[in-house]
1. Assess whether PHE61 counts as being within 9 Å of the chain's Cα centre (by Cα) and at pLDDT below 85.
2. Please find, within segment 20-34, the residue that is farthest from LYS52 (Cα to Cα) out of those that are surrounded by 13 or more Cβ atoms within 10 Å (Cβ to Cβ) and of a type in the set (A, V, I, L, M, F, W, C).
3. In segment 44-58, what residues are charged (D, E, K, R) and in contact with a strand residue (DSSP E or B) (Cβ under 8 Å, 6 or more places away or on another chain)?
4. Hey, could you check segment 12-37 for residues that are of a type in the set (Lys, Arg) and in contact with a Pro (Cβ under 8 Å, 6 or more places away or on another chain) and say which is nearest to VAL56 (Cα to Cα)?
5. Hey, can you tell me all the residues within segment 73-83 that are under 30 Å from ILE20 (Cα atoms) and loosely packed, with under 10 Cβ neighbours inside 10 Å?
6. Can you confirm whether THR64 is of a type outside the set (Lys, Arg), surrounded by 13 or more Cβ atoms within 10 Å (Cβ to Cβ) and in a loop (DSSP other than H, G, I, E, B)?
Amino acid sequence: MKVVTEIVCRRELKEERIAICTHFGCTLIKKIKPLKFGFLGFNKYPKCSKHKVPLVFIDEFVGTFIEAVNACLFDVSSFPPMI
């Protein structure tokens, strides 16, 4: 199962949101503001300064993480065969 998370794009934001790094154990938490007038600004796709990976919104990351955990826990093919 491939878990897809949407990377942060400041162009499509309507309000400030919180984003995190996807690298496990990284403590980077950043407040992302929308671009001024929809096009003016630097760093349209913010990245983690330590790992150089794009940030993801925290609510989307938590949702996909929970889906992945549930898929692993309730995977019938991993159970031993029934006699």
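The values are calculated or read from the model by the stated rules, or taken from the named source; none is laboratory data. Everything numeric here is computed off the predicted structure, so don't read it as measured data. Every residue, glycine among them, receives a Cβ derived from its backbone with ideal geometry; neighbour counts consider all protein chains shown.
1. yes
2. Looking at residues that are surrounded by 13 or more Cβ atoms within 10 Å (Cβ to Cβ) and of a type in the set (A, V, I, L, M, F, W, C), I get ILE32.
3. Within segment 44-58, just LYS47 meets the criteria.
4. The selected residue is LYS30.
5. Within segment 73-83, the subset under 30 Å from ILE20 (Cα atoms) is 73-75.
Hits for segment 73-83 are LEU73, PHE74.
6. No, not satisfied.
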